[in-house]
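Worksheet for the structure shown next.
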Amino acid sequence: MHVGDAGAMDPHLLRTYVAVARLASFSAAADELGYTQSAVSQHIAALEQDLGAPLLTRRPVAPTPAGERLLEHAAPLLLRLDAARADVRRTAAAPARGLALAVTATALRGHMAAQLPHAGVAVRVLPREAIPAEVATGAADVGLVDGVAAPSDPLRLPDVAPLTTRGVAEEPVHVVLPTGHPLAHRAGLRLADLADARWLDAPGAGLPLDQLRAAHVGGGFRPALRYDGTDLRTLLTLAAAGHGLTALPASLASAVPGAEGTVAVPLTAPRVVHRTELVHAGAPVGAAADFVAALVD
């Protein structure tokens, strides 16, 4: 059993607690972590003794109020430890030849893709909030994350570890409407005119509704349909069928197969842009360094 010194929380105990709370089962956590169920029970008991508070109810297995508060701290603490381990290994390792790239569905566009090496590249499409952690823990060498921001303003990314972020592209935001929509003939649209419209909630494919709400500062933007995929053609098909509006960078709004039946109208107020940022940890090496240099230049 791992028990830390007084005043220091043992990460082994913390990882065990997070697994039990997530799976709502001591036995399932034991199977996942490769421990015996008795060891898991001892880990939880040791952590509760260290903190002086019960963390889990046993029947059913669920976090207590103190346990819920610990969970709020646990994810960033464990992520920081994973990031530190990855940073040390990255420093000690030989330069990698390939490039592992994590991107959002709307971040990697033509001029950026043209800078990728022609061999040894692995590209993964992930949710925006997952990319900083992927880079911090070494699962990806470089990330491309995007969102809505005021011109030249940086994106608000999760503070998961010391990361370097650089803006590499900004372009207008367009709203995608079905061709028969009453506003489809407009030369430009204001967010204030769209707050009460039907919207597609597509965090993996379109620009996030919470960022549009933040730009509007007036609520609204209630989703009529949720799409959990990352395929832009499917998103545009849903928009064309009248299930809701979506927002995309201008270069993608009308350039994706499946856009038939939609109109892309520029968003003119408030003044916001679609911003893409490059994210990496430490000094990139090998193909990652070449890719970063090409985008920054």
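The values are calculated or read from the model by the stated rules, or taken from the named source; none is laboratory data. Computed from a prediction, not measured in an experiment: that's the story for all the values here. In this analysis, Cβ positions are derived from the backbone assuming ideal geometry, glycine residues included, and neighbour counts consider all displayed protein chains. Surface areas here come from the heavy atoms of the whole protein model, side chains and all, with no ligands, DNA or RNA. Shrake-Rupley method; radii C 1.70, N 1.55, O 1.52, S 1.80 Å.
Stick to the Cα atoms of the range 105-153, pair each with every other, and give me the Kirkwood hydrodynamic radius in Å at one decimal.
In the range 105-153 this quantity evaluates to 12.3 Å.
At 20 angstrom or more along the helix axis (alpha-carbon based) and mean Kyte-Doolittle of -0.5 or higher, what helices does the chain contain? Whole DSSP H runs only.
Helices meeting the criterion: 37-51, 65-92.
Pairs of Cα atoms under 8 Å, at least six residues apart: use those to get the relative contact order of the range 155-297, whole percent.
40
Along each of the three principal axes of the Cα atoms of the range 60-202, give the extent in whole Å, ordering the values from largest to smallest.
So the three principal-axis extents are 57, 52, 30 Å.
Taking only protein heavy atoms into account and a 1.4 Å probe, give the accessible area per residue of the chain in Å².
In whole numbers, the chain has 50 Å² accessible per residue.
Can you give me the % of accessible surface on the chain that is carbon or sulfur? Probe 1.4 Å, all protein chains present, nothing else counted.
About 54 percent, which is the carbon plus sulfur part of the accessible surface.
Let's test the formula: R0 of 41 Å, r as the Cβ-Cβ distance of Val296 and Leu225. What FRET efficiency results, to the nearest 0.05?
So, using R0 = 41 Å, E works out to roughly 0.60.
Limiting things to C-alpha atoms, what are the Rg and the maximum Cα-Cα separation (Dmax) for the range 174-297, in angstroms?
Spelled out, the Cα radius of gyration and Dmax of the range 174-297 are 16.3, 52 Å.
How would you rank 158-171, 116-129, highest first, on the average number of other Cβ atoms within 10 Å across their residues? Kindly include the intermediate steps, with their values, before the conclusion.
On the way: 158-171: 16.1, 116-129: 14.3.
Final packing ranking: 158-171, 116-129.
As a test of the formula, what do you get for the chain when each DSSP H run with n ≥ 4 contributes -39,500 (n - 2.57) and the sum is divided by the residue count, at 222 nm and rounded to the nearest 500 deg cm²/dmol?
Value at 222 nm, helices only: -10500 deg cm²/dmol.
Which residue, chosen from Ala214, Leu23, His118, occupies the Cα position most advanced towards the positive end of the dipole of the chain, where the dipole is computed from +1 (Lys, Arg) and -1 (Asp, Glu) charges on Cβ about the Cα centre?
Positive-end residue among those listed: Ala214.
Hey, got the dipole for the chain? About the Cα centre, +1 on K and R Cβ, -1 on D and E Cβ, debye to the nearest 20? Don't skip to the end; give the middle numbers.
Values: 24 positive and 28 negative charges, 81 e Å.
Dipole of the chain, to the nearest 20 debye: 380 debye.
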